[in-house]
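Worksheet: one structure, shown below.
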Amino acid sequence: MKRHDLKSMSVDQLWSLHKLVASVLARKILAEKSRLDQQLRQLVEPGATPANVKNLTRGALTRRCFRSIGILRSRPRLGRAAESSPAG
């Protein structure tokens, strides 16, 4: 629809157009969200089928925990200039 068409429309026509656009966008967003949720669940559980996808627990979708590796160095590395200068 062209910009000059919108300027010539009445308030009622504009409101009807707004409701139409909002409903179309809501439907498309829900479809996309459903598709992305299904892809995410299949990545988490490769054997998941659409029938049992909703049975996944929230714990399956959370990030895996890794143990802490602790401190790797006792002091930060200062660079070549600081390492070659005499201590004093």
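Here, each number is a calculation from the coordinates, and none is a lab measurement. Predicted model, so just to flag it, every value in this text is computed and none were measured. All Cβ positions, even for glycine, are placed from backbone atoms using ideal geometry, and neighbour counts span all protein chains on display.
For the ranges 15-27, 32-44, what's the packing order if you count other beta-carbon atoms within 10 Å of each residue, average per peptide, and put the highest first?
Numbers: 15-27: 10.5, 32-44: 12.3.
Ranking the peptides 15-27, 32-44 by packing returns 32-44, 15-27.
Just to confirm a number: summing +1 for Lys and Arg and -1 for Asp and Glu over residues other than Leu20 whose beta-carbon lies under 14 angstrom from that of Leu20, what do you get? Summing Lys/Arg as +1 and Asp/Glu as -1 gives +2.
Tally Lys/Arg at +1 and Asp/Glu at -1 over every other residue whose Cβ is under 15 Å from the Cβ of Val11; what's the total? Walk me through the numbers before you get to the answer.
Values: positive: Lys7, Lys19; negative: Asp5, Asp12.
Result for the local shell: 0.
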